[in-house]
C-alpha cells in the first residue's frame, strides 16, 4: 500500500518533534555540561574543551545511546526491531567506551610520558602529545547510562502530561 507523501516542510518540522532524537541530544548536552563542571571541580580551572571532548564523568556517549534506546522503546514498544537495533547499538558503544577507548587512552598516557622523557635532540621530542581522554571507567559509563535513562523517562513523562 502506498504511503502518502508529506510535504518537505513537514519533514523539517517532524525532526523537532522526534522524541528519541531530542531525548538523545538532550542527554548528550547535559552530560557534556556536567563534564564541564566536574572538570572545574576537579582541576579548579575552566576547560572549554570539556564541552565537546570525549572521556570524563559522565560518559556522554553512554548517555546519548541509552536515552535513544529507551526513548525508542517507550515510543515504539520494546518488542520491535527499532528497539532491538537501538539496544544493540547501546551495548556496543558502552562496551567500547570501557574497553578499546579506555585502553587506547591509557596507552596514549604512557607514550606521552615516554616522549616527554626523550632528550631534546631526539626527532620525536617535539611531537604533539596524544589525546589521553578517550574512554571511560565503568562508573563513568554507568553514570552516563543513568543520565540517559533519566532524560528519556523525564521526556516521556513531559509528553504524557502535555497531551
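Taken together, the values in this text are just the output of simple stated rules run on the coordinates, not laboratory data. The structure presented is a predicted model; accordingly, all values stated were derived computationally and were not measured. Here the Cβ is made from the backbone with ideal geometry for all residues, glycine too, and neighbour counts use every protein chain on show.
For the reader, a short list of remarks on this structure follows.
- Computed E for residue 162/residue 81 - FRET, C-beta separation, R0 25 angstrom, nearest 0.05: 0.30
- Highest-first arrangement of 15-27, 71-83, where packing means the average Cβ count within 10 Å: 15-27, 71-83
- Per-residue Cβ neighbour counts within 10 Å put 146, 94, 57 in the sequence 146, 57, 94, beginning with the fewest.
- For the pair residue 108 and residue 128 in one chain, pulling the backbone fully straight at 0.36 nm per residue adds 6.1 nm over the alpha carbon distance.
- The residues 110, 141, when put in order of fewest to most other Cβ atoms within 10 Å, stand as 110, 141.
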